[in-house]
1. Looking only at trypsin sites (Lys or Arg not before Pro) in DSSP loops with at most 14 other Cβ atoms within 10 Å, what is the longest site-free stretch of chain B?
2. Within the stretch A:9-71, which chymotrypsin sites (Phe, Trp or Tyr not before Pro) sit in a loop by DSSP and count at most 15 neighbouring Cβ atoms inside 10 Å?
3. To the nearest 10 degrees, how steeply does helix A:28-53 sit against the main Cα axis of chain A, on a 0 to 90 scale?
4. Going through the DSSP H helices of chain B, which span 24 Å or more along their own axis at the Cα atoms while scoring at least 1.0 as a mean Kyte-Doolittle hydropathy?
5. Below 8 Å between Cα atoms, with a sequence gap of 6+, how large is the relative contact order for chain B in percent?
6. Sorted from fewest to most neighbouring beta carbons within 10 Å, what does the list B:Trp34, B:Trp92 look like?
7. Could you go through the stretch A:70-77 in sequence order and give the Karplus-derived ³J(HN,Hα) for each residue, using 6.51 cos²θ - 1.76 cosθ + 1.60 with θ = phi - 60°, rounded to whole Hz, and x for Gly and Pro?
8. Hey, got a sec? Which chymotrypsin sites (Phe, Trp or Tyr not before Pro) in the stretch B:110-169 land in a DSSP loop and have at most 13 other Cβ atoms within 10 Å?
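Read-outs: derived from the displayed coordinates by stated rules, not from any lab. All values derive from a computational prediction rather than experimental measurement. Cβ: placed from backbone, ideal geometry, glycine included. Neighbour counts: every protein chain shown.
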Amino acid sequence: MIPLAWYLTFAAALFCLGLYAVLARKNSVAILMGIELMLNAVIVNLVAFWRYNEPANISGQAFAIIVFAVAAAEAAVGLALIISIYRRRETVIAEEIDMMKW
Amino acid sequence: MTVSQILFILFALATLVAAYLVVTVRNLIHAALWLVASLLGIAAIFVMLDASFMATVEVVLYVGAIAILIVFAVMLTRRVMEDVGPQRTNNWWFAAILSVLFFASTSILIWFTKWPNLPEGDVGDTVLILGKSLVDPNKYVIPFEVASVLLMVALIGSIAVALPSKQSE
């Protein structure tokens, strides 16, 4: 039997790798990849908690499905924004996209 | 150590190594391919958690759709980076320290909490229960419909955003 803490530690490590990508990468597409890793870590957590509490109550998996839908919408809109910015400003480097900087 | 524990460690290590390569490798196409490997590892973790539908959705949605979308985005915006120059910001060490600190504090919290054990018995036909509860008015039909509206809005919105504007032609 695998303890629940193993799954949670695995998800925490995955989340921190995604956090590092979001904070440290220059390319916006790489930042989006980090966001995908973080969302996956959250989904692993949700499914693990569902399995270890009451599997007959399906709410954990239903929540995870909704998170999947939000992740798909986020990826589509985020990549469309990156392509639109690239078309106008010829850059995808997050530091150079600063026209709204105060 | 049981067989399932060894399998879990193997899959978790493979996923984490692939995720580490996603965040560190210079070539973005390689990073996208490592992301696919990492997502497949997560699908295996879902199988170990008896969540067969989640594993299927992970492969179909993430590996099949989002990863391909990311590969397309990398190819469409390729000329700028050209794999030269630093791929990480000047303050990357601060991000690394923050991530390690966050992981350490979360791990301490996780390992000092008493978690419930795995419930006895089979989980039953979760796909059937999940499918029924997603269209049950007393359960999750409203979140389900809101999610479908959200996907529709995202579809139209991303087309509207990515269309070339008229004055740029």
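1. Values: sites that count: B:Arg26, B:Lys114.
Here the longest segment lacking exposed loop sites spans B:27-113.
2. none
3. Long axis of A:28-53 versus the principal axis of chain A: about 10 degrees.
4. Numbers: long enough: B:3-24 (32 Å, 2.30); B:28-48 (30 Å, 2.35); B:92-111 (28 Å, 1.85); B:141-162 (31 Å, 2.30).
Result, helices passing both filters: B:3-24, B:28-48, B:92-111, B:141-162.
5. Details: 84 pairs, mean separation 25.9, N = 169.
This gives 15 percent for chain B.
6. Details: B:Trp34 20, B:Trp92 16.
Ascending Cβ contact count within 10 Å gives the list B:Trp92, B:Trp34.
7. With coefficients 6.51, -1.76 and 1.60, one gets 5, 5, 5, 4, 5, 5, 5, 5 Hz.
8. On the way: sites: B:Trp111, B:Phe112, B:Tyr140, B:Phe144; in loops: B:Phe112, B:Tyr140.
Those satisfying the criteria are B:Phe112.
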